Amino acid sequence: MFVAGGAPVLAQCTNQWLPGFACPGVNGGARGATAWDPDGAGPAPEKVVVVGQFTLAGAVPAMGVAAFEPATGTWSTFGAGMDVANVHAAVVMPNGDLVVGGGFTTAGGVAASGIARWNGSAWAPLGAGVSGWVYSLAVAPNGDLIVGGSFSSAGGVSVNDIARWDGTAWSPMGYASYVPAVACLPNGEVVASGWGFLDAGGATIPYVARWNGTSWLPLTSSPNGFVNALATLPNGEIVVGGDFTAAGGVAASGIATWDGTQWSPLGAGVAGSVQALTVQGNGQVLVGGVFQSAGGIPCSNAARWDGASWTPLDMPGQHFPNHFASLQNGDVFAVGSWIDAPDGSAANNVLRWNGTSWKGLSDSFSGFVFALAKMLNGDVIAGGSFGWIGDVNTNGIARWDGTSWSPLGAGLNGTVFALVRTLNDDLIAGGDFTMAGGVSANHVARWDGVSWSPLGAGVGGTVYALADSSSLGIVAGGSFATAGGQPANSIARWDGAAWSPCGSGVIGTVYALENWYGNIAVGGSFSAAGGFPTSNLAVCWGPGWYSLGNINGAVTALHTTFNGDLVVGGLFTQAGGVSANRIARWDNYSWS
């Protein structure tokens, strides 16, 4: 069967798809992310925790927090999640527990005001929580938790938008105003960004300051604009990103480092605003925001600093990441509020960097799917015009085993329009390709579970439809004039050794084939079949043909019901003279 259509616009996911064919990403804005390994050095793979304003992750209901496992491409949840999908930050504690913060009041049904801790099986509050919203979290070297946001009390203690949790009680950290980012230095000091901080003498420190345990101090002097993001380098330096053009009197466009004494720019910086930062294990810095160049090099809202130069990491459209998460294996995930990846694949607010480009998650196709086939073991094969599914290079065809996608060898060098499973459980693919698994295969090829092989010399044009019949063998239909080097008007059959025409074929194009009572029902856009006039539908029984009545428009799909009726779909309004708006049934006697 051949199906054509336009690209869908995925504004939201629904909760009716199963994993693997689910809407990738999450169905609302993603605000934060962090790498999380549930069992540390144990056998369980590392995951990415995504938090935000969503109620669905993949196909799984998730209230504001979910975990994505890159190894399997699956989502999982943390109990019942929050009472409202409003989570802004996540961080992993030294013992592996996960802490999230936001604007919720319960977690897993347990009272937890603005902040909660997941111990692997259940949620628990951190004392009485905070009185407002949490926007940022960081873990100090001694295991204390630093919490920034917009709140006036923590655990009943009066605070000013930032507080410390030592595992038992809350304590204030001087005066701050709106804290969107916090980071910790190796010596235990805390660096925070905000509208302003008061030092021991009551003077205001704008935009960024450090807490030495008793008071706020400037970082030499502040940047000349707001700071949106902070990160700590392996050597203990702090990376600062935001809306500024200078830091400590040193020219620094949107991003700078502070080494404890002085400020330094990162090359020529970025031409705009930095909103997100992360430091990879190799010390390279990933920068996201609203900018169109980094270091003078054109880029779209994301770039990498390797310590000496900038490299573009272009994001989709004009959207920017809210946060990055970097895994130990080098994978990078970005969360934000976009629909599509740069290659056009569906992303739904979560993207993955594969080392070359940003893509959607494991079930994000980089193109269209035109054909599906189900194998005897239940695996599903998808064929189409896609080169990738998430990070998997598929070249137009891939297998879904219920957990993840995998390629079929080296795939095909063109589009797959048709698939059919043979009686012995091999797979036949047809399309506009000329190579299969690196082997010459003109528009039709066989996959035996291990490798690709051609069906003789193939056919001389595009294959749009395939069928398998015990009496006729493999039948291919499409738009071609030859099969196996001999004349064949748009339809031919393969008996396992050679191609032969189906009588005189059709005058036009074949779009659909169906095994019907051992014969082959043929649909398409044609004016004759087997040498006699018939419009768009006919039945081939080998060398001969017969008509089921004229269809007044192209037939693009065929299906046999359990009772043997033939259902026909396409671009028609009449079938056999009976009014039928694009779909009709033949019951062996008449049309309806």
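List of remarks:
- Estimated from the Cβ-Cβ distance and a Förster radius of 45 angstrom, the FRET efficiency linking Ala41 and His559 is about 0.30.
- Calculated accessible area for the range 68-206 comes out at 36 Å² per residue, all protein chains present (probe 1.4 Å; ligands, DNA, RNA ignored).
- Hydrodynamic radius (Kirkwood) for the chain, which is based on Cα pairs only, to one decimal in Å: 26.9 Å
- Calculated FRET efficiency for the pair Val60/Thr434, C-beta based, R₀ 41 Å, to 0.05: 0.50
- Convex hull (Cα only) mean projected area of the range 176-273, reported in nm² to one decimal: 5.6 nm²
- Judged by the ratio a/c of the largest to the smallest principal axis of the C-alpha gyration tensor, the range 442-577 counts as prolate, that ratio being 1.5 or greater while a/b is larger than b/c.
- In this structure Thr482 has an accessible area near 50 Å², from a 1.4 Å probe over the protein heavy atoms.
- Charge sum, other residues only, whose C-beta stays under 11 Å from Asn282's C-beta, Lys/Arg counted +1 and Asp/Glu -1: 0
- Taking all protein chains into account, the per residue accessible area for the range 508-592 stands at 44 Å² (1.4 Å probe).
- Max-minus-min Cα coordinates of the range 362-465 on each principal axis give 36, 28, 22 Å, with the largest extent listed first.
- Sulfur and carbon atoms: percent of accessible area, the chain [1.4 Å]: 53 percent
- Dividing the mean sequence gap of close Cα pairs (under 8 Å, 6+ apart) by how many residues the chain holds gives a relative contact order of 7 percent.
- Given charges at beta-carbon only (K, R positive; D, E negative), |dipole| of the chain in Debye: 800 debye
The values are calculated or read from the model by the stated rules, or taken from the named source; none is laboratory data. In this text the structure is predicted, and so the values were computed from the model without any measurement. With ideal geometry, Cβ positions are generated from the backbone for all residues, glycine too; neighbour counts draw on all protein chains shown. We work out accessible area using only protein heavy atoms, side chains counted, and drop any ligands, DNA or RNA first. Shrake-Rupley method; radii C 1.70, N 1.55, O 1.52, S 1.80 Å.
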